[in-house]
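K.L.:
Dropping the structure in here first, questions after.
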Amino acid sequence: MIKKTGKRLGFILLSLTLLSSMFVAHEWFAQKPFIFRVFLDRSVLKVALDSPETLTSLGFLESLGITSHNGQLNNDSPEKMDELLAQVDDLKATLLSYDDAYLDENELLSKDISLYLLDFIIESKAYRYHNYPVNQLFGVQNGYPSFMASTHQINNITDAEYYLSRLEKVKIKFAQNLEGLQLREQKGIIPPKFVIERVLTEMNAFVETPVEDNILYTALVDKMNKVPHFSQFDKERILLAARVLIQDNVYPAYDLFIHYFAKLKSKAVNDAGFWHLPNGDKAYKQALKFFTTTDLSAEQIHQLGLDDVRRIQSEILSILDTQGYEVSEGFTQSMAVLTNQAEFYYEDSAAGRAQILQDYNQILTEINQGIDAAFGVKPEASLEVVRIPEFKEQTAPGAYYEMPAIDGSRPGRFFANLYDIKATPKFGMRTLAYHEGVPGHHFQLSVAMELENMPFIRKMAPFVAYSEGWALYSERVAWELGYQADPFDNIGRLQAELFRAVRLVVDTGIHHKRWTREEAIQYMSNNTGMPESDVIAEIERYIVMPGQATAYKIGMMKILSLREKAQSTLGEEFSLIEFHNVILKNGAMPLTILERVVDSYIMANVEKRNIQ
């Protein structure tokens, strides 16, 4: 009896295993999986599996013992992009085939968010070449070494061999990117002359750096030195191979670009705005829609900016007046007096820069310990503050954030630009730390990544108005919680908000109203009180990233207006913690859909109150 039962149980288990395998195979290969969540995750996962660099950044396959992708680089060829774009219509058709009646509330939200993205991609196909993929801020020329230095992990000899493999493959990657640049040139999409000059300066400096001082080599040395079980023989072997590959493979890859841009420079003009490109006005309208996730016109955004600039400047002058500053000569002069005071700056030295990083960490530790009054959810991922790599900090933004690895092997990172010590006034540090770290980008992006029972698309959706709007909103929340109580820290907060309001004006000014680069620099200098080096870097950023800079203030304004709606409707029953949970625990989404989600939260609480 026991034998028969055991055989029967074994047969049942085998049958279940086979059925399970068949089901998994169906869900992976079928055009329409049975489970809606599987369709969403599979769609994202297939794109990720086709991107070795994305897999390295996410860091979730390593825990399964799968590591070979760490020796590969992305296929950046135009043909590969054609292949990806060709799949979008099929994905949309399959998405629409899922009947709303069989989806729960969360799945319906996922469907709407996914449909928004797919529709936008379809609408934007005509403008896929309307960008400058190699510029002074980003591109393969600085993205590749940054990726190798900050993202490629080395924990054993195999990882080091993968590092060498990526050094070997870089020439193919650059050649593929060059194809895309040449296609843009044929279509009349050529960067402004100053962009080409900046890129050439950066790349020439890169290849003129002695190999053993190059970030690709020094990062490898640092990574290997942190692994205690490397033998001296293996270290020397790997480093010798790296020196040869950088000299004979990496530098020639950069030479491809240097030669191309040197020739392209003669075709470039000084016109900064997208308006001078073929169909540039339409491309800019599409860019505004993508980044703001609204239908606001360039004119509307420009006017919103002008109005907000006046309001915020008035608030700053009022604070300066109460602190004994002479404000009768206007905003520009008053801010010049403030920003020229030595007491607000660190020593211009290695020690001064090290102190900045230490103080940023202290600021973040302080707020992280006292934020429970406003937040019921915190990320598990840790956060560290590091300096932007020196090879690219001269043209890099003031700061940026890099997400942690999914498996926890790499923390979230707040990168601070320490190139110009005058660009880091002490009264602005709290606000910047709150924006990039807690409760800003690190909170929002890490919480989204850690959400359970949420499809990947909701964890990682690229809705800039939501994510940057949240980060700017976070600066205000920190002030409301008392973390910028010092009047000068509050000026730092208002100056950061003013900076985003000015962006609305200059971005639309450059790309819609046909301002020159110099006119935009002059307006931003006159209306922010920022150091000239920062102003120039920012204006040049808006020139190569049309529309992106408008997302911050538009997103913040929407989140604030939704909070005000919830407060006015719910009165004493309004909970800031609950409101933040609604925003954070649903992942990134278009502002139009976010408003619907908040309205549902408000109505649910109203109905609950009526029942009681």
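K.L.:
What translational diffusion coefficient, in µm²/s and rounded to a whole number, does the Stokes-Einstein relation yield for the stretch 559-612 at 4 °C and a viscosity of 1.567 mPa s, taking the hydrodynamic radius as the Kirkwood radius over Cα pairs?
P.N.:
The estimated diffusion coefficient comes to 114 µm²/s.
K.L.:
I've got another one for you. So how much accessible area does Met449 have, in Å² to the nearest 10, using a 1.4 Å probe?
P.N.:
The accessible area comes out at roughly 30 Å².
K.L.:
For the chain, give the share of DSSP beta bridges that are antiparallel, in percent and rounded to the nearest 5; count only bridges with both residues there.
P.N.:
Counting only bridges with both partners in the chain, antiparallel ones make up about 45 percent.
K.L.:
Still on this structure, I have one more. Would the stretch 59-165 count as rounded, prolate or oblate if I go by the C-alpha gyration tensor, calling it rounded below 1.5 in a/c and otherwise prolate when a/b exceeds b/c, oblate otherwise?
P.N.:
Here the stretch 59-165 falls in the oblate category.
K.L.:
Quick check on the chain: helices-only [θ] at 222 nm, where DSSP H runs of length 4 and up contribute -39,500 (n - 2.57) each and the sum goes over total residues. Nearest 500, please.
P.N.:
Taking each H run of at least 4 residues, the total per residue is -21000 deg cm²/dmol.
K.L.:
Which entries of Lys422/Lys553; Lys46/Lys169; Lys80/Lys125; Lys282/Lys558; Lys92/Lys187; Lys289/Lys553 have Cα-Cα distances beyond 18 Å here?
P.N.:
Those over the limit are Lys422/Lys553; Lys46/Lys169; Lys282/Lys558; Lys92/Lys187.
K.L.:
Of Tyr523, Phe375, Phe174, whose Cα points farthest to the positive end of the dipole of the chain (charges on the beta-carbon: +1 Lys, Arg; -1 Asp, Glu; origin at the Cα centre)?
P.N.:
Phe174
K.L.:
State whether the stretch 96-235 is rounded, prolate or oblate according to the following rule on the C-alpha gyration tensor (a ≥ b ≥ c being the square roots of its eigenvalues): a/c under 1.5 gives rounded; otherwise a/b larger than b/c gives prolate, and the remaining case gives oblate.
P.N.:
Oblate shape, in that a/c is at least 1.5 and b/c is the bigger or equal ratio.
K.L.:
Check the straight Cα-Cα distances from Lys223 and name the lysines below 16 Å, setting aside those fewer than 8 residues away within the same chain.
P.N.:
In chain and number order, the partners are Lys235.
K.L.:
According to a simple spin-label model (label point 7 Å from Cα along Cα-to-Cβ), what is the distance in nm between Thr158 and Gln358?
P.N.:
4.1
K.L.:
Looking at the stretch 438-530, which trypsin sites (Lys or Arg not before Pro) are DSSP coil and have at most 16 other C-beta atoms within 10 Å of their C-beta?
P.N.:
For trypsin sites (Lys or Arg not before Pro) across the stretch 438-530 that sit outside H, G, I, E and B with at most 16 neighbouring Cβ atoms in 10 Å, the list reads Lys513, Arg514.
K.L.:
Any idea what the dipole of the chain comes to, in debye rounded to 20, about its Cα centre with Lys/Arg Cβ at +1 and Asp/Glu Cβ at -1?
P.N.:
It comes to approximately 1740 debye.
K.L.:
To continue, here is another question. Pick out, from Ala272, Thr322, Ala336, the residue whose Cα sits farthest towards the positive end of the charge dipole of the stretch 256-351, with +1 on the Cβ of Lys and Arg and -1 on the Cβ of Asp and Glu.
P.N.:
Ala272
K.L.:
Going by the alpha-carbon gyration tensor, a ≥ b ≥ c the square roots of its eigenvalues, is the stretch 425-542 rounded (a/c under 1.5) or, if a/c is not under 1.5, prolate (a/b greater than b/c) versus oblate?
P.N.:
Taking the square roots of the gyration eigenvalues as a ≥ b ≥ c, the stretch 425-542 is oblate.
K.L.:
Might you work out the accessible area of Ser314 for me, using a 1.4 Å probe with all protein chains in place, and round it to the nearest 10 Å²?
P.N.:
Number for this one is 70 Å².
K.L.:
Then there's this: Among Leu61, Ser77, Leu40, which residue has its Cα furthest toward the positive end of the charge dipole of the stretch 36-119, with +1 on Lys/Arg Cβ and -1 on Asp/Glu Cβ?
P.N.:
Leu61
K.L.:
If you place +1 on the Cβ of every Lys and Arg, -1 on the Cβ of every Asp and Glu, and leave all else neutral, what size is the dipole of the stretch 343-420 about its Cα centre, to the nearest 20 Debye?
P.N.:
The calculated dipole for the stretch 343-420 is roughly 260 debye.
K.L.:
Roughly speaking, to the nearest percent, how much of the chain's 1.4 Å accessible area is carbon and sulfur?
P.N.:
It is 54 percent, rounded to a whole number.
K.L.:
In whole Å, how far is the Cα centre of the stretch 312-355 from that of the stretch 372-444?
P.N.:
23
K.L.:
For the chain, what is the accessible area per residue in Å² when the probe is 1.4 Å?
P.N.:
Per residue, the chain has 45 Å² of solvent-accessible surface.
K.L.:
Largest first and in whole Å, what are the equivalent-ellipsoid semi-axes of the chain based on the Cα gyration tensor, each being the root of 5 times an eigenvalue?
P.N.:
Values for the chain, descending: 39, 34, 26 Å.
The values are calculated or read from the model by the stated rules, or taken from the named source; none is laboratory data. Note that the structure is predicted; figures quoted are calculated from it, not measured. Here the Cβ is made from the backbone with ideal geometry for all residues, glycine too, and neighbour counts use every protein chain on show. For accessibility, only protein heavy atoms count, side chains too; no ligands or nucleic acids. Shrake-Rupley method; radii C 1.70, N 1.55, O 1.52, S 1.80 Å.
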